[in-house]
Amino acid sequence: MSATTPSVRLAPKLRFLQTIHGQGVINNIVLYTLLIVLSLVFIFPFYWMILSSLKTDANIFLWPPQWIPNPVYWENYVTAFTNQYLPFPVFFKNTMILEVGMISGRLISCVLVAYGFARLEAPGKNFLFMVLLATFMLPGVLLLIPKYILFNRLGWINTYLPLIVPAWFGESYGIFLLRQFFMTIPRELEEAAIMDGANTFSILRHIIVPLSTPVLAVITVLSFKDIWNDFFNPLLYLNSSTKYTVSIGLAYFNGQFTVQTGPLMAASSVMLIPVIIVFFIAQRAFVEGISLTGIAGR
Amino acid sequence: MWTWLLNPVYGPIDGFLNLFGIQGPQWFTDPKYALWGLIMMAPWGAGGEMLIFLAGLKGIDKNLYEVAQIDGANRLTRFFRITIPMLSPTIFFNLVMVIIGALQSFDTAYVISTARAGTLGGPADSTLFYMIYVYNRAFAGFKMGYASALGWILFAIIMVITLLVLRSSTFWVYYEAERKH
């Protein structure tokens, strides 16, 4: 996909010129055909999931498969969301508490730490950067028990604190990503700001962050998706079912209806909607690229 | 969660290939194809990398392209002389993360090999990844100490590989902020 993305990005201006001259039409046909075929390939699993959610149990495993469900069986959705033991609205509210608490924490802490790695000088900076990278390399499973013991001693079990508080202390993935991005921002802008008497925080606030909106949007989307799908951590720290998140609810549901694929697919399809909504909101940050006006002509 | 969402697909993919008269292989029960099956599934997990690339592309100063165009650079030249170098920090990030992720492959292989082949790491050890072996030692063999030692060895291996990539980055990663005046 990465090979096609740049040409799309470059295209608008060029395509305009080319169509004026009557050229490039074939190019465009080839390009769009390729993009459409690839999109279909990637959409296929989702189509299959939604398709299965609208079929009766008997039709799901029919071979050759029905490509359009007949009859359209909405009952799966009713079955999925009228289960009295699984209050999905409550789960949804709980998950949103986590989303807001964790994403705001990650964005703020990651920007601060990443700026330090990208720009500020301190003894042992490179060593600390390796330590940061090393945290990816440790299998996460190893940390579960020590973390659980720590949060247990703090009395944070069955609260959202073990999930939200660490997010406010940086997250290695976001830090690494932001650091890479900050390194591509030319220093001239900051030097000019320093001349005008800006301190580090105002540089961060007025130069670095506005220029980084695309990457901040990426971190928001990816974090939203991870928190939304995270099943294990909430399950580990939360005991009472009124505090459960959507993904735990879905997993319980999975256990309850092992044979009923239809309702499961229905629930999974609905679970995708918030992630898609967040993606489309964040996508607006991508639509306009950024322009470092004033220094590019050098 | 994702592997489980993708689970019903294995049938349809072969069905799709059949439309073109290709006999789909027994993806996850034939040792020859199991690993390829897993590799083929990887692009569906690459949405994150793609988003990151997109953000990286959007972070490239548009004026650079305009200036290059005025100077008569064609599409390919602009791609190799502007896009790739300006994107190299992003490429570097994705490279490091994917290497680390691949060396720790576990979830997909775990789900698929147990569900399809019936044995962890199967069929015939074709999907026996390092982490699967660690899991096997720890929970099937109950050799927790041995498994922990394996975990640390993997950590060391990943560390060495990452360090090599990090060293190599001075040759191909371009940081605008480090530009010499």
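Of the numbered conditions (1) within 13 Å of chain B (Cβ to nearest Cβ); (2) outside any loop (DSSP other than H, G, I, E, B); (3) surrounded by 13 or more Cβ atoms within 10 Å (Cβ to Cβ), A:Leu143 satisfies every one except a single condition; which is it?
(3)
Return the only residue of A:Phe151, A:Phe127, A:Phe136 being more than 11 Å from chain B (Cβ to nearest Cβ), part of a helix (DSSP H, G or I) and in contact with a helix residue (DSSP H, G or I) (Cβ under 6 Å, 6 or more places away or on another chain).
Answer to the check: A:Phe151.
Could you list all residues from region A:177-196 that are at pLDDT 85 or above and either crowded, with 18+ Cβ neighbours inside 10 Å or in contact with a Leu (Cβ under 6 Å, 6 or more places away or on another chain) (or both)?
If the condition is that a residue be at pLDDT 85 or above and either crowded, with 18+ Cβ neighbours inside 10 Å or in contact with a Leu (Cβ under 6 Å, 6 or more places away or on another chain) (or both), then A:Leu177, A:Leu178, A:Arg179, A:Gln180, A:Phe181, A:Phe182, A:Met183 are the ones that fit.
Going through region B:16-55 one residue at a time, which ones are at pLDDT below 55 and under 30 Å from A:Pro210 (Cβ atoms)?
First, pick out the residues of region B:16-55 that are at pLDDT below 55: B:16-26.
Those that are at pLDDT below 55 and under 30 Å from A:Pro210 (Cβ atoms): none in region B:16-55.
All but one of (1) touching a Lys or Arg at 6+ places or on another chain (Cβ under 8 Å); (2) part of a loop (DSSP other than H, G, I, E, B) hold for A:Ile157; state the number of the condition that does not hold.
Of the numbered conditions (1) touching a Lys or Arg at 6+ places or on another chain (Cβ under 8 Å); (2) part of a loop (DSSP other than H, G, I, E, B), the odd one out for A:Ile157 is (1).
Could you tell me which of the residues A:Gly116, A:Gly155 is buried (at least 16 other Cβ atoms within 10 Å of the Cβ) and free of Cβ contacts under 8 Å to residues at least 12 places away in the same chain?
Answer to the selection: A:Gly116.
Do we have any residue at all in region A:197-217 that's under 17 Å from the mean Cα position of the chain (by Cα), more than 8 Å from chain B (Cβ to nearest Cβ) and crowded, with 18+ Cβ neighbours inside 10 Å?
yes
The values are calculated or read from the model by the stated rules, or taken from the named source; none is laboratory data. Since this is a predicted model, take the numbers as computed values, not measurements. Every residue, glycine among them, receives a Cβ derived from its backbone with ideal geometry; neighbour counts consider all protein chains shown.
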